[in-house]
Amino acid sequence: MTPLRFYEFFAGAGLAGLGLGPEWQCVWANDIDPRKGAVYTDNFDKDHFYLGDVAQFRGHDLPNSTSLSWASFPCQDLSLAGWRRGISADRSGSFWAFWRIMRDQYKIGSRPPIIVIENVVGLLHQGDSFTGMCEAMAALGMQFGAVVMDAIHFVPQSRPRVFLVALDGRVDCGSLARSEGIPVWTPKALRDAYSQLPIHLKKYWRWWNLPAPTEKPKSLARVIERKPTGVAWHTATETRYILSLMNDTHLMKVKEAQRSGKRHIGFIYKRMRGGQQRAEVRFDGVAGCLRTPRGGSSRQTVMIIEEGKITTRLLSPREAARLMGVHDRFVLPSAYNQAYLAMGDAVAVPVVDWLSQHLVTPLARLAPALAHNRGHRPHLGKLLERAEKRASEWTLDIKRKVTKDMEENAIAALTRWFADEKTHLEGGSDKYVVCAGIAVAEVLKSTFPITVESYITDGNQVKTSGALIKKALKEFGESRKYVSEGGRTTRGTRPSAERLVALLNPISELANASKQERTAVAKAVQFWLFENGVKPYFSRQKLEIDINLDKPGSQIVADILETAGRRTLAGPVAQHLVGAKLAIRYPEREIENHSYTTADQQLGRPGDFLLNDTVFHVTVAPGPDVVGKCAANVQQGFRAVLLVSESKIQAARQLVELAGIQQRVGINSLEQFIGQNVEELGEFGKASLARNLRALLEKYNERVSAVQTDRSLLIEVPENL
């Protein structure tokens, strides 16, 4: 039988073609990423693969006589883990470049009778995007329907994807359609997306008759390698660190798996929860959705628990391929990230295979005579016009990318300028430099090239003021007073501004930019100066705290640590508060005092503080390293005390328990340890509490000044003490 011919747009590693099966022959494939292209050509015919941006191709560039066009266009702007900006955004907007090729072929009568579009379920939550895609298919004279297929029905990986299957509108597909969707393939999100379609599009909709699979998916045990290739097992310290990132719920899962005595395979993802990185584990025999390795949190970690022992490592490249249903003969890149990218950005092979067997291939058998009917010209003018408009919106997004490039060039020039200016500051402060930059950026919004007259007054001063700087900073949420006169009267402001103008004026893209585009660049410049000049200035100021003497001492300490935490200073502040408390409590003893960043090993000390045979460890984020130090203390005959934030008490106890030293290490909250002492020394009276708090803060500042160069660690003693 003659193979059915197809195009594979955004081909990646070529897994869609692998899934379509031997009845299909790819005659043209494309991808913009050379890393994915290398994987494709290592496994498939090189002659039909074209590397490059899909927007550079036209309909006549592709071979004719094809039955299918497959497109798994970039999902970053649609993904629930991405930006969710829609199919008119930079990356997912490449759908419109693909559509224009199909439009060209439609106009000359060579458009394939079947188009399959695959993407993440985020497409359904972008109501206008899904409607636009359906309208784009209708404009090409096609009927269409969608299914949501989760790879979990075929492999042990949760990976739901949307497949929009479009068919030439003249084909009678009644044998492959039904009056309503099959529940397993039509979740609520799809039904809701369909319900939001306009009436004129619903008439083109088909609920495809795709049967549900009956066989059980491959087990996880057949995926995981006993001797993994391409990855190494974590050290015990690395594994303890992963455990330290888990909350109580996930630590309990680990403990239950240990207690069972059986072999358990778990999968771990690192995620941000409430501003903190967390490790989350699942032992349900299913891997989480593979993602592209853009940062460590995108890569899955495997946890094996066997006979109570916990080991961890990254998912191996071959395991990632198996989770995608790829056979072991498939050639993978030797570099870990490239192999993971090839699999994490692909479509699961068994899913495509099922769709091909039960829908796509049968549809292709129905439609061969219609694929190249040059006389097919239904009256779809309005639909085509709207689709063209959406494609034009994507072109506008490309223009936005040009603006972004201008911003990057301006910021590069600004970075060089700022670094150079800081080498010869006048008066030791960079405030006048920041003000010069903000003032020049303000002129850039309306004038280019920047002339002397546009930013220098008749009195030879930069056109700046305290009000201008205040207004600019207010846009970034900063309301505190930064300067009075905006650097106007500082001698170095003008030459500083002149040097910046000399770097900005040669940026040729700015000459052709619109006022709106230059304003965007100017705001980016001002924001950079805010982040790198204004914010560091305020962060160098003393910590200002509000103390309510009606609160108990422990809560007052908690308030101090919370204030420090907002400037990421909770760790050093906690250490020096403990040192101050010990110095006041034991005035006859010399309490050691070291910089927060000085490692214990450098000084040969067992912990942060040593009193007699008791070692104190202070931390606001207990992890495996500090627990390991406690264990070493115990082995050396010391008594160990771990002081942690109240909110971390439970996590610290679980870590100590996992290390098997729960009977030997004392765990106390920092708030109670410091606050209770302040209350006791004041005999629990408000007036004496104020005196003792003042004494604590003064001792704290004295100790900080002796060993720290960072002024921002100092605490402004409140007037009510």
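General remarks:
- In summary, helices (runs of 4 or more DSSP H) completely within region 462-533 and bearing 3 or more residues that are closer than 20 Å to residue 446 by Cα, touching a residue at least 60 places away in the same chain (Cβ under 8 Å) and in contact with a helix residue (DSSP H, G or I) (Cβ under 9 Å, 6 or more places away or on another chain) occur at 493-504, 515-529.
- Take the conditions (1) surrounded by fewer than 19 Cβ atoms within 10 Å (Cβ to Cβ); (2) part of a loop (DSSP other than H, G, I, E, B); residue 155 misses just one of them, which is (1).
- Set side by side, the residues 78, 68 differ, and just one is within 28 Å of residue 129 (Cβ to Cβ), crowded, with 23+ Cβ neighbours inside 10 Å, at pLDDT below 90 and in contact with a Lys or Arg (Cβ under 9 Å, 6 or more places away or on another chain), which is 78.
- Of all residues assigned to region 690-699, none qualifies as being surrounded by 14 or more Cβ atoms within 10 Å (Cβ to Cβ) and assigned to a loop (DSSP other than H, G, I, E, B).
- Region 183-212 residues that are under 19 Å from residue 355 (Cβ atoms) and touching a residue at least 24 places away in the same chain (Cβ under 8 Å), paired with ones that are among the basic types (Lys, Arg) and open to solvent by 30 Å² or more (accessible area, probe 1.4 Å) (beta carbon under 7 Å, 6 or more apart): 207/178; 209/178
- Of all residues assigned to region 236-247, at least one qualifies as being touching a Gly at 6+ places or on another chain (Cβ under 7 Å), open to solvent by 70 Å² or more (accessible area, probe 1.4 Å) and within 30 Å of residue 274 (Cα to Cα).
- Residues that are out of contact with any Asp or Glu (no Cβ under 9 Å at 6 or more places or on another chain), part of a helix (DSSP H, G or I) and open to solvent by 10 Å² or more (accessible area, probe 1.4 Å) within region 294-329 comprise 296, 297, 298, 317, listed in sequence order.
- Annotation: of all residues in region 433-461 being hydroxyl-bearing (Ser, Thr, Tyr) and assigned to a helix (DSSP H, G or I), the one that is nearest to residue 418 (Cα to Cα) is 455.
- Only one of 423, 464, 451, 457 that is among the polar types (S, T, N, Q) and touching a Gly at 6+ places or on another chain (Cβ under 8 Å): 464
- Within region 12-31, restricting attention to residues that are touching a Gly at 6+ places or on another chain (Cβ under 9 Å), open to solvent by 10 Å² or more (accessible area, probe 1.4 Å) and touching a residue at least 60 places away in the same chain (Cβ under 8 Å), the residue that is farthest from residue 64 (Cα to Cα) is 18.
- Look at region 710-721: where a residue is in contact (Cβ under 8 Å) with a residue 40 or more places away in the chain and a partner is crowded, with 16+ Cβ neighbours inside 10 Å and of a type in the set (A, V, I, L, M), sitting 6+ places away or on another chain with Cβ atoms under 6 Å, you get 713/704; 714/704; 715/543; 715/697; 718/547; 721/690; 721/693.
- Set side by side, the residues 445, 431 differ, and just one is within 38 Å of the chain's Cα centre (by Cα) and closer than 13 Å to residue 492 by Cα, which is 431.
- Any helices (runs of 4 or more DSSP H) falling wholly within region 547-635 and containing at least 3 residues that are open to solvent by less than 20 Å² (accessible area, probe 1.4 Å), farther than 23 Å from residue 278 by Cβ and in contact with a Phe, Trp or Tyr (Cβ under 6 Å, 6 or more places away or on another chain): 570-585
- Residue that is farthest from residue 585 (Cα to Cα) [pool: residues in region 639-686 that are in a helix (DSSP H, G or I) and free of Cβ contacts under 8 Å to residues at least 12 places away in the same chain]: 657
- In region 162-188, the qualifying residues are those that are in a helix (DSSP H, G or I) and open to solvent by less than 30 Å² (accessible area, probe 1.4 Å), and the one that is nearest to residue 112 (Cα to Cα) is 176.
- Residue in region 330-345 that is loosely packed, with under 14 Cβ neighbours inside 10 Å and either among the small types (Gly, Ala, Ser) or modelled with pLDDT under 90 (or both) present: yes
Matching residues to (1) among the small types (Gly, Ala, Ser); (2) modelled with pLDDT under 85; (3) touching a helix residue (DSSP H, G or I) at 6+ places or on another chain (Cβ under 9 Å):
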{"residue": "550", "(1), (2), (3)": "no, no, yes"}
{"residue": "567", "(1), (2), (3)": "no, yes, yes"}
{"residue": "576", "(1), (2), (3)": "no, no, yes"}
{"residue": "602", "(1), (2), (3)": "no, yes, no"}
{"residue": "613", "(1), (2), (3)": "no, no, no"}
{"residue": "621", "(1), (2), (3)": "yes, no, yes"}
{"residue": "627", "(1), (2), (3)": "no, no, yes"}
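- Neighbours by Cβ (under 6 Å, 6+ apart or cross-chain): first from region 226-250, on the phi > 0 side of the Ramachandran plot; second open to solvent by less than 30 Å² (accessible area, probe 1.4 Å): 230/316; 230/317
- Residue in region 537-546 that is β-branched (Val, Ile, Thr), open to solvent by less than 20 Å² (accessible area, probe 1.4 Å) and either in a helix (DSSP H, G or I) or under 21 Å from residue 446 (Cα atoms) (or both) present: no
- Selection of first residues in region 550-576 that are charged (D, E, K, R) and of second residues that are open to solvent by less than 10 Å² (accessible area, probe 1.4 Å), restricted to Cβ pairs under 9 Å at least 6 apart or on distinct chains, gives the following pairs, ordered by first then second residue: 567/543; 567/712.
- All of (1) modelled with pLDDT of 80 or more; (2) closer than 25 Å to residue 567 by Cβ; (3) touching a helix residue (DSSP H, G or I) at 6+ places or on another chain (Cβ under 7 Å); (4) open to solvent by less than 40 Å² (accessible area, probe 1.4 Å) hold for residue 672 with one exception: (4).
- Residue in region 501-524 that is open to solvent by less than 20 Å² (accessible area, probe 1.4 Å), touching a Leu at 6+ places or on another chain (Cβ under 8 Å) and under 15 Å from residue 473 (Cα atoms) present: yes
- Subset tally (residues that are of a type in the set (D, E, K, R), more than 22 Å from residue 228 (Cβ to Cβ) and surrounded by 12 or more Cβ atoms within 10 Å (Cβ to Cβ)) for region 250-272: 4
The values are calculated or read from the model by the stated rules, or taken from the named source; none is laboratory data. Note that the structure is a prediction, hence the values are computed from the model and not measured. Neighbour counts run over all protein chains shown; Cβ positions are idealised from the backbone, glycine included. What goes into the accessible areas is simple: the full protein's heavy atoms, side chains included, and nothing from ligands, DNA or RNA. Shrake-Rupley method; radii C 1.70, N 1.55, O 1.52, S 1.80 Å.
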